[in-house]
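The values are calculated or read from the model by the stated rules, or taken from the named source; none is laboratory data. As the structure is a computational prediction, the values presented were derived from the model and not from experiment. Methodologically, a virtual Cβ is constructed for each residue, glycine included, from the backbone with ideal geometry; neighbour enumeration extends over all protein chains shown. Each accessible area value is taken on the protein alone, full model and side chains, heavy atoms only, with ligands, DNA and RNA left out. Shrake-Rupley method; radii C 1.70, N 1.55, O 1.52, S 1.80 Å.
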Amino acid sequence: MTEYITEKTLAEYEAFVQGHPKGNFAQSSYWAKQKPMWQWRAIACRGEDGRIKGTLSILIRKMPGFGRAMMYASRGPVCDIHDYATMDELFGAARELAKEYHAYVFKIDPDVSSKETEFADYMKRYGFQVKDGGAKFEAIQPKYVFRLYLNGRTEDELLASFHQKTRYNIRLAMRKGVQVRVCGKEMIPDFSRLMLETGVRDGFVTRQPEYFSNMLDNLGEHCRLYMAFLGDKPIAGTLAIWYGDKVWYLYGASSNEDRNYMPNYLLQWEMIRWAVEKGCRVYDFRGVPGDVGEDHPLYGLVKFKRGFNGEYTEFVGEMDLVLDKFAYVCIEKATSIFKDLRKAVYMFKNKKK
């Protein structure tokens with residue numbers, strides 16, 4: 001039996017998502033607040049005992065100029081991925097929402113390993129098609145990540161498990177006087193400035209300062225802004241999210257001139273310490289461009305995250321349930337052109353500064 005989540009059942013919904021191994025911040029009502037341009041609907045499936053056994057959080061957005069909507073369930077569903085009867089019910093309710101909102105597509109990128117071939121086969125039988133790519137971060141969520149499974153280890157045990165060079169760089173940052181602090185919204189302008197510097201350096205479009213400020217408000221205790229200082233000077237920063245049994249490294253920024261102080265290593269260590277403090281099972285380093293070789297331009301990113309001895313994880317990837325093929329082709333193409341144009345204008349504008 002499925003139902004839509006209301007204010008009356010919201011607390012029960014959040015408790016289920018946070019307590020489930022497949023729980024993810026992107027499936028929370030807190031994250032929905034971060035997306036005010038989207039409408040949030042959440043579905044719950046109950047067992048015979050009346051308790052929730054599966055959920056699906058969906059963001060819905062009308063596409064300007066097309067009169068059709070996109071539905072997106074980031075890192076859903078939250079349930080036993082081998083309980084196909086529950087997934088049938090959740091996806092069936094999603095199809096009803098698609099009719100209500102005149103959706104042309106239902107997008108999903110589950111927190112499921114690519115090794116789960118039975119799950120992938122089920123999704124294909126249901127009608128989802130797997131989108132190609134992911135190695136160039138073209139998907140909405142990263143297809144490839146590093147995850148550190150904490151397994152109840154202490155800080156000393158975790159530090160000892162890191163590669164020798166990583167331990168050295170963490171201690172080097174400390175010796176050089178780098179200090180990491182958990183900060184409030186007063187440091188958002190500095191963090192945003194460093195994000196812009198990082199985006200121009202590494203070739204990606206960054207968010208506006210208001211987005212980061214709103215994140216601290218909307219997620220409350222679930223979000224932290226970490227800033228690394230050299231004296232009174234902010235030289236790097238990260239935004240992390242804690243939800244359920246996981247902490248995610250969501251955004252990272254650093255100055256061009258102070259990277260030799262190794263602040264990024266110390267920032268990662270402090271976020272891992274937060275995960276230990278919260279009794280988490282997983283610390284998620286988030287995206288990498290696949291398991292690439294040394295000749296790849298982003299190999300340094302892979303090497304940096306690999307140094308913390310996390311586990312390379314490939315997800316099944318982004319999947320689309322196409323509900324209107326003509327609208328899907330038109331909107332996907334228009335969206336791709338818009339993103340490329342926006343990036344080109346962004347880089348031209350900000351590289352001149």
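For the pair residue 171 and residue 202, a Förster radius of 25 Å applied to the C-beta separation gives a FRET efficiency near 0.45, rounded to the nearest 0.05. Using the structure shown, list the pairs from 62/278; 124/351; 165/233 with a Cα-Cα distance above 32 Å, or answer none. Cα-Cα > 32 Å for 62/278; 124/351; rest within.
Placing +1 on each Lys and Arg Cβ and -1 on each Asp and Glu Cβ, with no other charges, gives the chain a dipole about its Cα centre of roughly 1340 debye. Shown for the chain: the carbon plus sulfur share of the solvent-accessible area, taken with all protein chains present and a 1.4 angstrom probe, equals 52%.
Computed from backbone phi, the HN-Hα couplings of the stretch 326-331 come to 5, 5, 4, 4, 5, 6 Hz, rounded to whole numbers (Karplus: 6.51 cos²θ - 1.76 cosθ + 1.60, θ = phi - 60°; Gly and Pro given as x). For the set 345, 282, solvent exposure ranked by accessible area (probe 1.4 Å, protein chains only) runs largest to smallest as 345, 282. Residue-wise HN-Hα couplings along the stretch 256-266, as the Karplus relation 6.51 cos²θ - 1.76 cosθ + 1.60 with θ = phi - 60° gives them from phi, are 6, 8, 10, 5, 5, 7, 6, x, 5, 5, 5 Hz; Gly and Pro carry x. Once the 1.4 Å probe is applied to the protein heavy atoms, the chain comes out at 48 Å² accessible per residue. Loop-resident trypsin sites (Lys or Arg not before Pro) (DSSP state other than H, G, I, E or B) in the stretch 1-49 with no more than 16 further Cβ atoms inside 10 Å of their Cβ: 8. For the stretch 114-173, applying the loop criterion from DSSP together with a ceiling of 14 other beta carbons within 10 Å to the trypsin sites (Lys or Arg not before Pro) yields 115, 136, 153. Computed per residue of the chain from DSSP H runs no shorter than four, each worth -39500 (n - 2.57), the mean residue ellipticity at 222 nm is -12500 deg cm²/dmol. Applying a threshold of 23 Å to the alpha-carbon distances of 33/246; 143/343; 115/343; 107/349; 185/349 flags 115/343; 107/349; 185/349 as lying beyond it.
Note on the stretch 144-171 and the stretch 261-319: Cα centroid distance 10 Å, given to the nearest whole angstrom.
The percentage of C-alpha pairs in the chain whose separation is greater than 33 Å is 30%. Within the chain, the longest segment free of exposed loop sites, counting GluC sites (Glu not before Pro) that fall outside DSSP classes H, G, I, E and B and have at most 14 other Cβ atoms within 10 Å, spans 139-256.
3J(HN,Hα) couplings calculated from phi for the stretch 219-229 with the Karplus curve 6.51 cos²θ - 1.76 cosθ + 1.60 (θ = phi - 60°) are, in sequence order, 9, x, 5, 7, 10, 9, 9, 9, 10, 9, 10 Hz; Gly and Pro show x. Of the residues 122, 230, 206, the one whose Cα sits farthest towards the positive end of the charge dipole of the stretch 89-230 is 230 (charges of +1 on Lys and Arg Cβ, -1 on Asp and Glu Cβ, taken about the Cα centre).
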